[in-house]
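Accompanying notes for the structure given below.
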Amino acid sequence: MADRRAVVHITGVHATSALGRGAEAQLAGVLAGEPAFGPVSRFDTAARRVDRAATLTDVGPLADELADTVDAACADAGLTATDRATAALLLAVHGGPNAGPLAAGLARRTGTGGPCRVYTTACVSASTAVADAAALIRRGDADRVVVAAGYLVEPDQYALFDAGRALATDGTVRPFSTGRTGLLLGDGVAAVVLESATLARRPLADLLGWGRAGDAFHACRPDPQGRGLARAVDAALRRADLPAEEVGYVNANATGTGFSDASEANALRLALGPAADRVPVSSTKALHGHALEASGLLELVVTVLAVRHGKLPVNAGFLGPDEACPLDVVLDAPRPAATPYALSLNAAFGGANTALLVGAA
């Protein structure tokens, strides 16, 4: 294993999705295995092919949800106002002219007085921010970083995914399954606190490794062989000095789309080798939906909770195996974790890929 003095600790987490508010609600929801999708009532979908998403009914403005979530994650980490005053803030949100002011306002509201950055790199925004936070801490450039991310289902992105025929026409997300027809969007607001070993009071988990790599293949479709994602996974394992055989769970990017899921299965087989036959895999997007820029952080929170409690979430919506996805998919009921190590994977249009490797503290 890597030098423990260089390990980055995750000391506070909080998340909100259609599964509920708070970390425990996320864990209970993914272990229950009941998808949170329903008819969209937040805006008019009459002109759309699909009318379902995973949304909260009592959601507030994104700025308010982010502030509440950061406050809760900081409280979970036991941070004082003085602690927050020196913490960096990395925020993953949808791009546009409001992203910078949103981050600056969030820093003021939550008292995070260190450097502030915004990440708008689509579906790897949050996981890229986590990787950067870990790198800052491991290099000694920061001792404490708060990473926050938020996406609330709204009409513009919904219309784009619907027009692109990416949304599941049967109203169900079926990662790695035969008969899958696409993804469904979902609300997601999350925050995590990462700290160096010198500051961490009560680690929840360790962020042991991370990796990023590009496909350089196509503007929308992933490399069919999954070579970019495989390189990201390999980089995360090498940073952690962890053999593939020690990985006990993969929370996959799998969105329930044909090309993407098959590419990810190939990536796992490339990166993990023979271990890919026996590493349990599921995608919690089948339960809480795809939270776009926030997906990487929401899924990291879920993955941390899963390894801490030793229970692996079910891959919901599964109809039957697809020969293009020969993986050990977690079905029917949560599975006991065999090791304390797990990967959380994300990918985005343009061929961007990230892998985060965590271990239970």
Checklist line | Filter result (charged (D, E, K, R) and crowded, with 19+ Cβ neighbours inside 10 Å) within the range 31-52 | finding: Arg52
Next item on the list: Select from the range 99-117 the residues that are under 9 Å from Ala87 (Cβ atoms) and touching a Ser or Thr at 6+ places or on another chain (Cβ under 7 Å) and write down the one among them that is least open to solvent (accessible area, probe 1.4 Å).
Entry: Gly114
Notebook entry, point to check: How many residues does the range 167-201 hold that are small (Gly, Ala, Ser) and touching a strand residue (DSSP E or B) at 6+ places or on another chain (Cβ under 6 Å)?
Noted result: 7
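Checking the condition aliphatic (A, V, I, L, M), under 19 Å from Asn253 (Cα atoms) and at pLDDT 95 or above, which residue from Ala135, Ala166, Ala142 passes? Full working, then the answer.
Values: Ala135 fails: under 19 Å from Asn253 (Cα atoms); Ala142 fails: under 19 Å from Asn253 (Cα atoms).
So the residue among Ala135, Ala166, Ala142 that is aliphatic (A, V, I, L, M), under 19 Å from Asn253 (Cα atoms) and at pLDDT 95 or above is Ala166.
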Check: Is one or more of the residues making up the range 87-94 open to solvent by 40 Å² or more (accessible area, probe 1.4 Å), modelled with pLDDT of 95 or more and out of contact with any strand residue (DSSP E or B) (no Cβ under 7 Å at 6 or more places or on another chain)?
Finding: no
Checklist line | Top-ranked residue of the range 208-230 - restricted to ones that are among the aliphatic types (A, V, I, L, M) and open to solvent by 30 Å² or more (accessible area, probe 1.4 Å), ranked as farthest from Ala275 (Cα to Cα) | finding: Ala219
Next item on the list: Please enumerate the residues belonging to the range 209-228 that are without any contact (Cβ under 8 Å) to a residue 60 or more places away in the chain and in a helix (DSSP H, G or I).
Entry: Arg227
Note to self: Within the range 146-185, take every residue that is of a type in the set (Asp, Glu) and not in a loop (DSSP other than H, G, I, E, B) and give me the one that is nearest to Gly12 (Cα to Cα).
What the structure shows: Asp156
Next item on the list: Answer yes or no as to whether Leu56 is open to solvent by less than 10 Å² (accessible area, probe 1.4 Å), more than 30 Å from Ala240 (Cα to Cα) and in contact (Cβ under 8 Å) with a residue 12 or more places away in the chain.
Entry: no
Notebook entry, point to check: Which members of the range 45-58 meet the condition of being in a loop (DSSP other than H, G, I, E, B) and either modelled with pLDDT of 95 or more or basic (Lys, Arg) (or both)?
Noted result: Thr45, Ala46, Ala47, Arg48, Arg49, Val50, Asp51, Thr55, Leu56
Margin query: As an exercise: evaluate Arg308 against (1) within 23 Å of Ala36 (Cβ to Cβ); (2) crowded, with 22+ Cβ neighbours inside 10 Å and give the number of the one condition it does not meet.
Written below: (2)
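Checking the structure you have, find out if any residue of the range 323-339 is at pLDDT below 95, small (Gly, Ala, Ser) and over 12 Å from Asn251 (Cβ atoms).
No; the residues of the range 323-339 include none that is at pLDDT below 95, small (Gly, Ala, Ser) and over 12 Å from Asn251 (Cβ atoms).
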Check: Residues in the range 145-184 that are charged (D, E, K, R) and surrounded by 24 or more Cβ atoms within 10 Å (Cβ to Cβ): how many?
Finding: 2
Next item on the list: Go through Ala191, Ala205 for me and flag whichever is open to solvent by less than 40 Å² (accessible area, probe 1.4 Å), out of contact with any Lys or Arg (no Cβ under 8 Å at 6 or more places or on another chain) and either among the β-branched types (Val, Ile, Thr) or in contact (Cβ under 8 Å) with a residue 40 or more places away in the chain (or both).
Entry: Ala191
Check: Out of the residues in the range 240-260 that are closer than 19 Å to Leu312 by Cα and in a helix (DSSP H, G or I), which is farthest from the chain's Cα centre (by Cα)?
Finding: Glu245
Notebook entry, point to check: Across the range 85-127, what is the number of residues that are free of Cβ contacts under 8 Å to residues at least 40 places away in the same chain and out of contact with any Lys or Arg (no Cβ under 6 Å at 6 or more places or on another chain)?
Noted result: 18
Notebook entry, point to check: Restricting attention to the range 1-30, which residues are modelled with pLDDT under 95, hydrophobic (A, V, I, L, M, F, W, C) and open to solvent by 10 Å² or more (accessible area, probe 1.4 Å)?
Noted result: Met1, Ala2, Ala6
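The values are calculated or read from the model by the stated rules, or taken from the named source; none is laboratory data. Since we're looking at a predicted model, the values are computed, not measured. Methodologically, a virtual Cβ is constructed for each residue, glycine included, from the backbone with ideal geometry; neighbour enumeration extends over all protein chains shown. SASA here: full protein model, heavy atoms, side chains in, ligands and nucleic acids out. Shrake-Rupley method; radii C 1.70, N 1.55, O 1.52, S 1.80 Å.
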